[in-house]
1. Considering only residues that are surrounded by fewer than 15 Cβ atoms within 10 Å (Cβ to Cβ) and more than 16 Å from the chain's Cα centre (by Cα), look in the range 98-110 and name the one that is farthest from the ligand (Cβ to nearest atom).
2. Please go through the range 213-256 and give me each residue that is in contact with a Gly (Cβ under 9 Å, 6 or more places away or on another chain), in contact (Cβ under 8 Å) with a residue 60 or more places away in the chain and open to solvent by less than 30 Å² (accessible area, probe 1.4 Å), ordered by number.
3. Out of the residues in the range 212-261 that are outside any helix (DSSP H, G or I) and in contact with a Lys or Arg (Cβ under 8 Å, 6 or more places away or on another chain), state the one that is nearest to C156 (Cα to Cα).
4. Where the second residue is in a helix (DSSP H, G or I) and modelled with pLDDT under 95 and the first is surrounded by fewer than 22 Cβ atoms within 10 Å (Cβ to Cβ) and among the polar types (S, T, N, Q) and lies in the range 31-42, which pairs have Cβ atoms under 9 Å and are six or more apart or on separate chains?
5. In the range 150-185, how many are in contact with a strand residue (DSSP E or B) (Cβ under 9 Å, 6 or more places away or on another chain), under 30 Å from S261 (Cα atoms) and touching a residue at least 40 places away in the same chain (Cβ under 8 Å)?
6. Check off (1) open to solvent by less than 70 Å² (accessible area, probe 1.4 Å); (2) outside any helix (DSSP H, G or I); (3) of a type outside the set (D, E) for P175 and give me the number that stays unchecked.
7. Test E193 against the criterion of being in a strand (DSSP E or B) and open to solvent by 30 Å² or more (accessible area, probe 1.4 Å), and give yes or no.
8. Can you work out which of the residues in the range 41-93 that are in a loop (DSSP other than H, G, I, E, B), under 16 Å from the mean Cα position of the chain (by Cα) and farther than 20 Å from L150 by Cβ is farthest from the ligand (Cβ to nearest atom)?
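The values are calculated or read from the model by the stated rules, or taken from the named source; none is laboratory data. Predicted model only: the values in this text are computed from it and were never measured. Every residue, glycine as well, gets a Cβ built from its backbone with ideal geometry; the counts of neighbours run over all protein chains shown. Ligands, DNA and RNA are stripped out before the accessible areas are found, and what is left, the full protein with its side chains, is counted by its heavy atoms. Shrake-Rupley method; radii C 1.70, N 1.55, O 1.52, S 1.80 Å.
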Amino acid sequence: MSCPPWCPNMTPMDLFIELFAGLPRQGPGNEPCTSRALAAARPHLPEHPVVLDLGCGSGSSTRVLAKALEATIFAVDLEPRVIAQLRDEAPRIGRSTVLPVLADFSKLPEGLPDEAVPADLIWSEGAAYNLSFEGALTAWAPLLREGGVLALSECCWLSEDRDPDAVQLFEAEYPSMLSAEELDRRAVELGWELVEAFNLPDAAWLDAFYEPMEQRIAELRWPWADGPGEAVLDGAQAEIDLWRRTKSCWGYRFLVLRKTS
Ligand SMILES: C[S@@+](CC[C@H](N)C(=O)[O-])C[C@H]1O[C@@H](n2cnc3c(N)ncnc32)[C@H](O)[C@@H]1O
């Protein structure tokens, strides 16, 4: 077998992007969960809402929102490859206008067109942890109109009985990670109305995320055997294995929050 054309010049970071950008989604979640959260948000939205999908990745949630709403959706991500993919796909998906924006969501509204703010709905699946839960709520509130909705999914502890390997991982990767109860409580303490909250089921991890990732890891293995990128593939597989073994004590929670005055 010869090396694929992208192999010789790729760095481990290129491999990381290759692994994730080619997946149906880049974090846990699925269409039923997006739809459930959207159903809770919907009574608080105008007929033609302005939506920000922050950390949209390859657009898994963007597509669900675009089909369900007659909206203008600004799909924001920092990764040029996923924004280029979304731009190619279609300016119009479903009944909505989708406008992919390459921007850093920690610096918004910088990079957004004027008409994007204030938004009626901010959506963010699996990306808020980059700012921490409280950091995201604080940074994104000014982008939302009064009474608007913030729907986000966030990694959290699900039990006090915590596996030591999971504790070690999250102490290194996400030391400020809260429990499910703390997420709900902190949101309310920060002035948000808790409209809906639920934990993601196993199918939301497996169907469009971990199972396709395992297949992709297997495809990428041979060109990277004994190479510098092997650790990237090993790390991704180790995360999947850890989730399978310890998922009773950590997971993702979807919160639908309404901005109150
Ligand atoms: C775990 S992925 C989730 C992607 C997508 N929402 C999904 O559920 O499939 C997190 C995404 O957030 C993006 N991201 C991370 N930090 C960001 C930032 N500061 N500004 C914009 N996007 C960011 C990453 O590039 C990545 O696409």
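1. E110
2. L220, P223, Y252, F254
3. Taking the range 212-261 and keeping what is outside any helix (DSSP H, G or I), we get 225-229, 247-261.
Of the ones still in play, those that are also in contact with a Lys or Arg (Cβ under 8 Å, 6 or more places away or on another chain) are 249-250, 254, 259.
Details: C249: 9, W250: 6, F254: 10, K259: 22 Å.
Among those that are outside any helix (DSSP H, G or I) and in contact with a Lys or Arg (Cβ under 8 Å, 6 or more places away or on another chain), it is W250.
4. As it stands, the answer is none, since no pair meets every condition given.
5. The total comes to 13.
6. (1)
7. Values: in a strand (DSSP E or B): yes; open to solvent by 30 Å² or more (accessible area, probe 1.4 Å): yes.
Here the answer is yes, as E193 does meet what is asked.
8. Quick first cut of the range 41-93, residues in a loop (DSSP other than H, G, I, E, B) only: 45-49, 55-59, 69-71, 78-79, 90-91.
Subset that is under 16 Å from the mean Cα position of the chain (by Cα): 55-59, 78-79.
Those left that are additionally farther than 20 Å from L150 by Cβ: 58, 79.
Values: S58: 7, E79: 4 Å.
Out of the qualifying residues, it is S58.
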